Amino acid sequence: MYSNKKYKASNNSSIKDLLNSDMYKSLFDYNCDAIWAINLDGMILKINDAAKSMFKMKENQYLHTAINLWIEIDDETLFFDCLSSSKPHMFKGKLDTEELYITLEMTSIPIIIDSEIIGRFIQMKDRTIETREVDHMRSENAYWESFMNHSTDAIGLFDLDGNIIKLNRATEDIFLYSREELLGNKVITIPDESYRDEVEFLQRKVKSGKSVVEYETIRKRKDGKLIDVAITYSPLYDFEGNMIAMANILRDITERKNAENELRDREAKYRLIAENTADLIRVLDLNNTITYTSPSHTWMLGRDTDKYQYGDGFQFVHPLDHHHLNALYEEMLTTKQPLNIEFREQHASGEWIPLEARCMPVLDQNHNVTSVVMVIRDLSERKNTEELLRNSDKLAIIGQLAASIAHEIRNPLTSLKGFLQFFYSNGDELSRNYYELMLSEVERINLIVSEFLLLAKPQSSNFKETEINELFNHLLALVDSQAIMENVELSLEIDEEIPKIYGDSNQLKQVFLNYIKNAIEACSTGGQIDISVSTKLDMVEIKIKDNGSGIKEDHLNKIGTPFFTTKEKGTGLGLMISERIISNHKGTVRFESKEGLGTTVTIHIPYQKKA
C-alpha cells in the first residue's frame, strides 16, 4: 500500500474551489455514479452523495485519507503512477469489509486548471452483479466443456445453416474423423445421400422450436462401418430468447441393437417351439397365476388359451390331486429344484386326462425364483399302453394255461359226453330231461375249452380279396333264424360299389357273427338291429346298432378284456378274440352305448390291397 505524501495546500484549495463552483457542484453532487475527488498524492478530498450511499460511510471517515486504505486496486502501482497523467485510465478494484463486498469499475479522470493537473476524479461503478454473472458463466462454460469432453456420447453444435461449429472428443472417437474434417461442414457421417433428407428434416424440426429425442437411425464411420445411433436434437437460445444454434447428442446403440435382435431371434425360436410342440407349456408367477399358455392347450384339453390366462395354475386339477400337487409345488419353490409330478386335469368335455409335468423354477441373478415353467405331457397313451401290456400278460398266462389244460379237460369230456348220450338214448322221458341238461353243460365246457385253444394257438390267416356284401348276405342267412326266434328284426343296408376288403373271410365272419349275436341277445322281444356298410375315406365302415339294454358307462372301457362279460353265461373271450382279429386286419373297433337305449359297434377296416 502506498504511503501518504505531502501535498500542496494550494492545490487542495483549488480543487475545493472548483467543486464548490456551480457548474462542477451540480455535476459532482448529482451524478448517479460514485465519484471521489483526490489530489495527486491519492488523498481523498471530497466524495459525492452517490459514493456515500454506495459505501455506507460518513464523510469524516475518509476525508484526508489515502484512497488505497479503502479500495483494493487491482494494479495499485500503475494507478498511482497515472495520477499525473493527462489521460483518463480504467482500473478494477473492490471494497471488502465485514459489511460490504463490492466489485468496482474505476475510471481515473484528470482535474486540469489552467493547463495544470491538480488532482483526479475517480468515477466508480458497482460491477458486483455483472462480475458474479461473468464468473458464473465462466464456471458454467467450464462445467459444460468438461461435460462435453468427458461424455462418451458424440456432442456437436450446429449453426442455423446446419454446419458443425463445435464438437467433443467422443465425436472423433466414434466416427474416426478428425476435428478438422468435421468442423465447418454439414453432416458427413450419413451412409449415403439418401439420408440427407432425414438430417434436414430433423434440423428443420429443431429450427421450428421443437426437440427431437432419441431418434434412431444409421450412421457411417470413416472406415465404412455402419452403426446404429440414437440422436437427440435441441434448439439453443441467447438471453433474449433468440435461437442461435442447434445442439446434437448422438449415442452409439449398435451393441444394444445387436443384443435386442439376438433376444428377439431367441424369443422367436422359443415361441416357435412353444407354439408348435405337442406338449403343454405354461408359465406361472409366484402367486401361482398363469402368465403364458401354449396353443396346444386348445386341442389337448379343449379350451382356448384365454380360459387359462391370468387364472389359477391348478384350477382344472382333479380335487383328489389338488392338495398333493400344491404341497409338492410349494416344496419346489423352497428348494428351487426341478420337479416331476403326475396329476389329472379335466378336459372341457368333462373327461379326466392323466398328465405328467416337469416344473422348472426360473431364477434371477440373485438366485431368487421369479417364475415357474411347466412342460406337461398327456399320459393317456402311456397309460393305455401299460394297460395293454397288463392285458398281454394276462393273455400270455391264459395261453399257457389253455395249452396245458385244454387237452387234459377234453379227454374226460369226451368220455362224459359219450356215456351221457348212451344214457339219454336208453333212458325214460323224465331221465332224458336231466341228461339233456347235462349234455348242454358239457357242450358249454367244450366251447370254453375251444376258445382257450384259440388264445393258445391262433388260427392261421388266409388273407385274400373279400366281397363285403357277399360276406354279410351269408351271415344274415346264418343268424336270421335266431333273430326270428327272438322276435328281433334285422335290417341290412350296403352302399353301392363297396370296395373289396383284403382279409380272411372266415375270421371276419367270426367277428361279425359275434357282434350280431351279442346284439340279438341284448335285444328284448320286438327289438331292432340295423346293420350298415359304407366307405369313409380309405376305410370300409361297418355299423351294428341295436336298441337293447345297453352297457353301463363304467363298463365300456372294460369291453375286450379277458373274462369281462355282461352275459350271465359268457366268458368275455369272444369279444377279445374279435378285437384281436380286427387289429390283425389293421382295423379298429369302437363301442358307443347308453344304458337302456342300446349299443352301436363301429368297425373300420382299410380296403387297400396288400402291396
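No lab work stands behind these numbers, since they all come straight from the coordinates. No experiment lies behind these values; they were computed from the predicted model shown. With ideal geometry, Cβ positions are generated from the backbone for all residues, glycine too; neighbour counts draw on all protein chains shown.
Worth pointing out:
- Lys, Arg +1 and Asp, Glu -1 on Cβ, resulting dipole of segment 140-267 about Cα centre, debye, nearest 20: 120
- For T600, the shell of other residues with beta-carbons less than 11 Å away shows a net charge of +1, using +1 for Lys and Arg and -1 for Asp and Glu.
- The GluC sites (Glu not before Pro) of segment 197-276 meeting both criteria, a DSSP state outside H, G, I, E and B (loop) and at most 11 other C-beta atoms within 10 angstrom of the site's C-beta, are E240.
- Partners for K536 among aspartates and glutamates (Cα-Cα distance below 19 Å; same-chain residues under 8 apart left out): E465, E467, E493, D495, E496, E497, E592
- Multiplying the residue separation of E429 and L413 by 0.36 nm and subtracting their alpha-carbon distance yields 3.4 nm.
- Mean Cα-pair separation over length for segment 464-606, i.e. relative contact order, pairs under 8 Å, 6 or more apart, %: 24
- Per DSSP, loop trypsin sites (Lys or Arg not before Pro) in segment 33-135 with at most 15 further Cβ within 10 Å: K56, K58
- With R₀ set to 51 Å, the beta-carbon distance separating S524 from D304 gives a calculated FRET efficiency near 0.65.
- As a rough footprinting exposure proxy, the listed residues I249, I109, I468 were ranked by other beta carbons within 10 Å of their own, and the order from fewest upward is I109, I249, I468.
- Pairwise FRET efficiency - I188 versus T370, Cβ, R0 = 41 Å, nearest 0.05: 0.30
- Label-point separation in nm, E436 to K500, each point 7 Å along Cα→Cβ: 4.7
- Surrounding net charge for Q315, when Lys and Arg each add one and Asp and Glu each subtract one, Cβ distance under 11 Å: 0
- Between the C-alpha center of segment 491-512 and that of segment 162-183 there is a gap of 90 Å.
- Sites E356 and S534 - FRET efficiency at Förster radius 41 Å, r taken between beta-carbons, to 0.05: 0.55
- Taking a straight Cα-Cα cut-off under 20 Å and skipping sequence neighbours fewer than 8 places away in the same chain, the aspartates and glutamates within cross-link reach of K186 are D153, D159, D161, E172, D173, D197, E198, E200, E216, D223, D228, D252.
- Taking all Cα pairs closer than 8 Å and separated by 6 or more residues, the relative contact order of segment 277-378 comes to 29 percent.
- Straight-distance crosslink candidates among aspartates and glutamates, where the alpha carbon sits under 18 Å from K25 and sequence neighbours closer than 8 are dropped: D17, D33, D49, E59
- Charged neighbours of H347, selected by a Cβ distance under 14 Å, balance to -1 (K, R count +1; D, E count -1).
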